[in-house]
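The structure appears below as structure tokens.
The values are calculated or read from the model by the stated rules, or taken from the named source; none is laboratory data. As the structure is a computational prediction, the values presented were derived from the model and not from experiment. All Cβ positions, even for glycine, are placed from backbone atoms using ideal geometry, and neighbour counts span all protein chains on display.
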Amino acid sequence: MLRNREFRQFAILFALMAATAVMLGFAINRLAGILAVASAAAFGTAFFAFTKARYKSIAQISDQIDRVLHNADRLDIDELDEGELSILHSEIKKMTLRIREQNDALKKEKAHLADSLADIAHQLRTPLTSVNLILSLLANNPDENERKAFVRETEELLVQMDWLLTSLLKLSRLDAGIVVFQSEQIDVNSLICAALRPFLIPMELHDIDVQIDAPKGLMILGDSGWLAEAIQNILKNCMESAGENGTIEIFCRDNPLFTEMAIHDSGAGFEKDDLPCLFDRFYRGKNPSATGYGIGLALCKMIITRQGGTITAKNHPQGGAIFALRFPK
């Protein structure tokens with residue numbers, strides 16, 4: 001306690017006041033002097049005991065804070081009586097809880113980042129290995145037709161890698177929270193047409209029939225660019241599932257609570273074991289022959305949910321897969 005300058009100053013002041021009171025008491029008479037001595041001793045002892053108890057509590061709190069800063073599991077301080085120290089104790093407990101929650105969140109983010117980097121490296125390694133193999137075959141193959149085929153295959157792999165890197169960049173931007181979604185009225189028919197535009201030629205080449213049933217003037221609230229991106233990822237999945245001479249149906253309905261857009265393909269649908277994990281990042285399904293990187297649907301869900309919507313996927317009773325997107329009013 002004596003290391004505290006304020007306590008030393010108060011002790012000196014109290015000693016001077018007590019000495020003055022004792023001298024004045026003895027100047028009056030002996031009994032007054034004895035009473036002054038007894039009073040000074042009693043008040044001094046009480047103040048010392050009270051101050052020592054407070055310093056002990058403060059030292060205990062300080063020691064526990066130091067333990068927390070050195071990764072102790074919890075703040076173990078006895079409950080204090082109502083007062084300033086009790087308020088301080090309560091605030092420190094809140095601070096400790098917040099620090100622990102932030103620390104746990106940082107650990108999870110660190111583990112997630114490590115897993116994501118490992119997945120990204122794995123996803124990129126496959127097309128890079130194929131490109132290196134094709135280039136070696138290309139260098140040692142004199143046949144012009146085969147060389148052209150190798151070049152086309154290399155171009156397709158590079159396009160896939162470009163899509164993969166672009167999607168990963170979008171996911172990272174969404175994870176970091178730096179994407180600001182616009183909130184605007186969007187015509188659903190215009191949104192569907194914008195999402196379909198990049199696939200019109202591939203659909204024609206594979207004889208995929210697209211049927212759209214959306215009421216005119218149907219509007220939703222959101223960011224048209226990002227929502228078109230989400231729908232394109234669903235359409236890409238449906239195209240791969242429908243295959244040659246397949247069908248994709250897009251139909252919309254509206255009610256007082258939400259606007260729903262459903263996309264149904266004529267493919268084989270999902271495996272039962274895959275349904276709970278369809279929107280998990282880098283999940284490619286139980287089928288070893290499955291194509292893709294497991295990014296499109298994860299990106300799609302993140303885009304829609306960040307704008308207040310929901311997305312579900314299941315097998316259609318008549319066959320194929322159906323995705324349901326709901327946008328609240």
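Take the range 1-21 and flag every residue that is modelled with pLDDT under 80 and in contact with a helix residue (DSSP H, G or I) (Cβ under 9 Å, 6 or more places away or on another chain).
MET1, LEU2, ASN4, PHE7, PHE10, ALA11, PHE14
I'd like the full set of residues that are modelled with pLDDT of 80 or more and within 20 Å of ASP223 (Cβ to Cβ), limited to the range 139-168.
THR166
Kindly list, by first and then second residue, each pair from a residue in the range 317-329 that is within 13 Å of ALA268 (Cβ to Cβ) to a residue that is hydroxyl-bearing (Ser, Thr, Tyr), limited to pairs with Cβ atoms under 8 Å and residues at least 6 apart or on different chains.
GLY319/SER266; GLY320/SER241; GLY320/SER266; ALA321/SER241
Among the listed residues ALA18, ALA59, ALA11, ALA40, identify the single one that is within 30 Å of ILE99 (Cα to Cα) and of a type in the set (Gly, Ala, Ser).
ALA59
What single numbered condition from (1) at pLDDT 90 or above; (2) surrounded by 14 or more Cβ atoms within 10 Å (Cβ to Cβ) fails to hold for LYS314?
Unmet condition: (2).
Of everything in the range 6-54 that's under 58 Å from the mean Cα position of the chain (by Cα) and among the charged types (D, E, K, R), which residue is nearest to ILE87 (Cα to Cα)?
Of everything passing the filter in the range 6-54, ARG54 is nearest to ILE87 (Cα to Cα).
Would you mind finding the one in GLY243, GLY217 that is surrounded by 14 or more Cβ atoms within 10 Å (Cβ to Cβ) and on the phi > 0 side of the Ramachandran plot?
Just one listed residue meets the conditions, GLY243.
I'd like to check which strands (runs of 3 or more DSSP E) are fully inside the range 148-239 and have at least 1 residues that are touching a residue at least 60 places away in the same chain (Cβ under 8 Å) and of a type outside the set (D, E, K, R).
So the answer is 219-222.
Regarding the range 6-14, can at least one residue be identified that is hydrophobic (A, V, I, L, M, F, W, C), free of Cβ contacts under 8 Å to residues at least 24 places away in the same chain and farther than 30 Å from ILE92 by Cβ?
Checked against the condition, which is being hydrophobic (A, V, I, L, M, F, W, C), free of Cβ contacts under 8 Å to residues at least 24 places away in the same chain and farther than 30 Å from ILE92 by Cβ, the range 6-14 yields at least one hit.
Give the residue that is nearest to ARG281 (Cα to Cα), with candidates limited to residues of the range 120-147 that are hydrophobic (A, V, I, L, M, F, W, C) and in contact (Cβ under 8 Å) with a residue 40 or more places away in the chain.
ILE120
Can you tell me which residue among ILE295, ILE234, ILE303, ILE248 is of a type outside the set (S, T, N, Q), more than 18 Å from THR166 (Cα to Cα) and either modelled with pLDDT of 90 or more or buried (at least 19 other Cβ atoms within 10 Å of the Cβ) (or both)?
Answer to the selection: ILE248.
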